[in-house]
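Working notes for the structure below.
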Amino acid sequence: MQIKSFKVENFRNLERLEIEPGSSVNIVYGENTSGKTNLIEAGFVLCLGRSQRQAKDAVLIASESDYYRIEGVINNGEKDLEVAVAYQNNSRKKITIDKVTVRASELYDNFAAVTAGPEDSEIISGAPSARRNFLDIYLSQFSNRYLQALVDYRKVLAQKNAALKEGQPAFPYNELLGRYGAMIMSARIDFIERLSARAGKLYDQISSGSRLGLEYQPSIELTSNPANESEIAERVVDQLERISEKEKILQTSIAGPHRDELEITIGQFPARTHASQGEWRSAAVSLKLAVYHVLKEKQGTAPILFLDEIFAELDNKRSAAPMNALGQFGQLFLTTAIEPPESLAVNSRRFKLQRGAITEIS
């Protein structure tokens, strides 16, 4: 996959910016506050219609404007597609492919993108919601079925919570929550299993330290090896029925995929409470590169890779490790205030970003 052209208007501090990136390594140099992270975020929004930082669309609009617009040409491995994502205050986001309005899910059907940056430490150190968001963003790219189940689950969950707040019977929603929840949980079990060995190996290459581990901890009790989605659905419905009185009192749904946890350990201890900031950063980079490999294997083409200042906290030895671990990669956008590893600088296209304006460096 490859972004062939890229135009940004009124996105955070990027008032007006155009770039024609190369097909391989694109290095964007710039000081702090120059807009490097915003450029990465805009690229991700172009590919998937949402911010990897979980920012709401209204927050993405430049302070002196009431809209943002991002457009470009992306090759999905088969053909070039004209893509535009725009949002205006007090209006709905509009996404088009070849000038035809589409749902965000069609971006997931056509494109794949992975980002790694300073904010990713939150995946390791933050609340369970940060880890669920991580799973949802990348599992939705891995499986269209997962994305649809997630959308359906959230709709039914909102309806159930509304019923609970109004004192209405909530049990009619449990069967649907069981069905969609089982699809989500089954996909998470498989995805985390795919990530675990890969992320552990990458972390060892980057840190040469303790072992990185991933363990799925669903809020619904499962057997050690559930036979199929039907069995998971039965477990979900059964537990929701057993806690129905408690949910009625609390007026909210307290169990299901929206309460799942991804336990991340370094050594024998939870990384969230026992690891250092450097270990959080290395673990986060390892997770994202593992996702990159898993998506590449599934889709047969390399996702677009956005790396935002990932070398800032890594020494020379550890800086080279992530890139060596990538092996053959496709298009890469790398933002940095320092020189990247020499292997990346060779045959790269270089750009300078300053005060929201970008120029190519010869």
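What follows draws every value from the coordinates through simple rules; no lab data is involved. The shown structure was predicted, so the numbers you read here are calculated from the model rather than taken from an experiment. Here the Cβ positions follow ideal geometry from the backbone for every residue, glycine too, while neighbour counts run over all protein chains shown.
Observations on the structure shown:
- Only one of [x] 36; [y] 22; [z] 26 was calculated from the structure for percent of Cα pairs over 37 Å apart, and its label is [y].
- DSSP-defined antiparallel bridges as percent of all bridges, the chain, nearest 5: 70 percent
- Mean ellipticity per residue at 222 nm, deg cm²/dmol - from DSSP H runs of n ≥ 4 across the chain, formula -39500 (n - 2.57): -14000 deg cm²/dmol
- Charges were assigned to the Cβ only: +1 to each Lys and Arg, -1 to each Asp and Glu. The resulting dipole of the chain about its Cα centre is roughly 280 debye.
- For Lys201, the aspartates and glutamates whose Cα comes closer than 16 Å to its Cα, not counting residues fewer than 8 places off in the same chain, are Glu193, Glu215, Glu279.
- Residues Val236, Val45, Val73, Val294, ranked from the fewest to the most other C-beta atoms within 10 Å, line up as Val73, Val294, Val45, Val236.
- For region 27-66 versus region 215-283, the inter-centroid distance based on Cα atoms is 31 Å.
- J(HN,Hα) series, region 44-55, from Karplus relation 6.51 cos²θ - 1.76 cosθ + 1.60, nearest Hz, glycine and proline x: 5, 4, 4, 6, 10, x, 8, 7, 6, 8, 6, 6
- Unsatisfied cross-links (Cα-Cα over 20 Å) in the set Lys7/Lys36; Lys93/Lys165; Lys56/Lys99; Lys7/Lys352: Lys93/Lys165; Lys56/Lys99
- Among Glu279, Glu339, Glu263, the largest mean-square fluctuation in a Gaussian network model of the chain, built with springs joining Cα atoms closer than 10 Å, belongs to Glu339.
- Cα-based reach from Lys160 at 24 Å (exclusive), listing lysines while leaving out same-chain residues under 8 positions away: Lys246, Lys248
- Percentage relative contact order, the chain, counting C-alpha pairs under 8 Å, at least six apart: 26 percent
- Cα-based shape type of region 40-145, given that a ≥ b ≥ c are square roots of the gyration tensor eigenvalues and the cut on a/c is 1.5: oblate
- Relative contact order computed over region 62-157 (Cα-Cα under 8 Å; 6+ residues apart), in percent: 15 percent
- Dipole of the chain computed with +1 at Lys/Arg Cβ and -1 at Asp/Glu Cβ about the Cα centre; of Leu46, Gln277, Ala197, farthest Cα towards the positive end is Leu46.
- Counting beta carbons within 10 Å around each of Lys298, Lys56, Lys155 and listing the fewest first gives the order Lys56, Lys155, Lys298.
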